[in-house]
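One structure below.
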Amino acid sequence: MDAAARILLRTFPRPLTAAPRITRKYQLFSHPDIRPARMSSTSAPGSAAFMKAIEARRSVYTLSDKIPVSDDKVVSLVEGAIKNAPSSFNSQTSRALVLFGDEHKFVWDTVLTELKPIVPEEEFPKTQGKVDNCFKAGHGTILFWEDNAIVKSMQDKFPIYQDRFPVWSQHASAIVQFIVWTALANEGISASLQHYNPLIDEKLREHFKLPDTWALIAQMPFGEATAPPGQKTFKPIEDRVKVFGK
């Protein structure tokens, strides 16, 4: 790569998208005969349904082990999120484990095992109650991981961005988590997002025989809500979104 190209790359960094895939998509839809029809406001809800699903996604800590859909449906949602979520340079670093039954319970037993030596003895019963009643009581758990072997390979391939790939990997994981969480809510399944990593990483990698390069990012226990979530409050939107040039 010559000096001019390096300057352009610094000036116009690539966004968090699967660029080659998007390019092919625009080429495919360039012909009017095969361009997908735009949904009209009268025939379909368009973005309104998506925004409603986002509003339905809440952190719920009162879970039962029941869900209104099959386990296979949950697996399908996670697979769809992992497959279609964007990632920097289409690196596809995100990984997931979908756990049910005893494997789901193993995660939260491991959390308690690792917490017990470091939580004050008088406070541990409260901690155990939280883990058992808010997380382990659910129907299952989704573990979100990132494969650092791919992150390292991207750093080697594009050294000019080597300090950014770990950050972009976290972005990719966040997108997957959001998709899964929203999709679950859309199916009537409640969940929350927990972060007991890296405390439990090693035990989980050993138990599930995962590569050492997999780094645990988050844990999502899910199930059917036994009580509604608390009221959500919002900061003024005008302080959070600025519009110019309108």
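Bear in mind that the values in this text are calculations on the coordinates, not laboratory data. Every value quoted in this text rests on a predicted model; they were computed, and no experiment measured them. All Cβ positions, glycine included, derive from the backbone under ideal geometry; neighbour counts span all protein chains shown.
A few comments on the model shown:
- Counting the residues of the range 176-217 that are buried (at least 17 other Cβ atoms within 10 Å of the Cβ), assigned to a helix (DSSP H, G or I) and in contact (Cβ under 8 Å) with a residue 24 or more places away in the chain gives 10.
- L97, sole failed condition from (1) under 24 Å from V131 (Cα atoms); (2) crowded, with 20+ Cβ neighbours inside 10 Å; (3) in contact with a Phe, Trp or Tyr (Cβ under 7 Å, 6 or more places away or on another chain): (2)
- For the range 218-246, the set of residues classified as in a strand (DSSP E or B) and either among the β-branched types (V, I, T) or under 18 Å from the mean Cα position of the chain (by Cα) (or both) consists of A218, Q219, M220, P221, F222, G223, listed by residue number.
- Meets criteria (farther than 26 Å from T226 by Cβ and without any contact (Cβ under 8 Å) to a residue 40 or more places away in the chain) for D163: yes
- Qualifying residue in the range 50-66 (condition: closer than 16 Å to A218 by Cβ and in a helix (DSSP H, G or I)): no
- Every condition in (1) within 21 Å of P86 (Cβ to Cβ); (2) of a type in the set (S, T, N, Q); (3) crowded, with 16+ Cβ neighbours inside 10 Å holds for Q170 except the one numbered (3).
- Residue check for V151: more than 18 Å from the chain's Cα centre (by Cα), part of a helix (DSSP H, G or I) and among the β-branched types (V, I, T): no
- Condition met for F89 (under 21 Å from E202 (Cα atoms), part of a helix (DSSP H, G or I) and more than 16 Å from the chain's Cα centre (by Cα)): no
- Residue in the range 94-105 that is in contact with a strand residue (DSSP E or B) (Cβ under 7 Å, 6 or more places away or on another chain), under 30 Å from F158 (Cβ atoms) and part of a loop (DSSP other than H, G, I, E, B) present: no
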